[in-house]
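Below is one structure, written out as structure tokens; the observations come after it.
The values are calculated or read from the model by the stated rules, or taken from the named source; none is laboratory data. These numbers come from a predicted model, not from an experiment. Cβ: placed from backbone, ideal geometry, glycine included. Neighbour counts: every protein chain shown. Note: areas computed on protein heavy atoms with side chains; ligands, DNA, RNA excluded. Shrake-Rupley method; radii C 1.70, N 1.55, O 1.52, S 1.80 Å.
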Amino acid sequence: MTPTPFELEIRERTEQGVVVLELHGELDIASAADVEQSVKRHLNAGSDVSVDLDSLAFIDSSGIRVLLQSQVMAVRAEHAFTISRGSPEVRRVFALVGLADQFRYRNEAPTS
């Protein structure tokens, strides 16, 4: 199922013991709470979480906020939180707001 414009679909899968939340569509003020709840639910269940942004068409400040808050929640819960590099649209927004270096990226060695 492809989300219609202005919608977000969250697909969940597990890879090597990590819950991957694959986002399709738009992560904005209308959908940020859904992503936050999904992340929170999995962290509270004791899982490491990775958010796949590769199929995201749009992200606004609400989406960025939920990713940053998810990172803080994971640290507090002593679990890992990573994201994928994302679609070109997401990478452009991260570069514009100076957040590209603020996240741990899935399948990349952490930098110190």
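Anything in the range 83-98 that is more than 17 Å from Val49 (Cβ to Cβ), open to solvent by 80 Å² or more (accessible area, probe 1.4 Å) and in contact (Cβ under 8 Å) with a residue 24 or more places away in the chain? List them, or say none.
Result: Glu89, Val97.
Could you list all residues from the range 70-82 that are assigned to a helix (DSSP H, G or I) and open to solvent by less than 20 Å² (accessible area, probe 1.4 Å)?
Ser70, Ala74 - these are the residues of the range 70-82 that are assigned to a helix (DSSP H, G or I) and open to solvent by less than 20 Å² (accessible area, probe 1.4 Å).
Considering each of Arg85, Arg92 in turn, give the residue that is assigned to a helix (DSSP H, G or I) and either basic (Lys, Arg) or under 17 Å from Glu22 (Cα atoms) (or both).
Within the list Arg85, Arg92, the selection yields Arg92.
What number goes with the only condition from (1) surrounded by 16 or more Cβ atoms within 10 Å (Cβ to Cβ); (2) assigned to a loop (DSSP other than H, G, I, E, B); (3) under 13 Å from the mean Cα position of the chain (by Cα) that Glu22 does not pass?
(2)
If you check Gln16 against the conditions, is it closer than 21 Å to Arg104 by Cβ, without any contact (Cβ under 8 Å) to a residue 60 or more places away in the chain, open to solvent by 20 Å² or more (accessible area, probe 1.4 Å) and out of contact with any Gly (no Cβ under 9 Å at 6 or more places or on another chain)?
Answer is yes for this residue.
Could you check the range 37-52 and list, in sequence order, the residues that are open to solvent by less than 40 Å² (accessible area, probe 1.4 Å) and either in a helix (DSSP H, G or I) or free of Cβ contacts under 8 Å to residues at least 40 places away in the same chain (or both)?
Passing the criteria: Ser38, Val39, His42, Leu43, Ser47, Val49, Val51.
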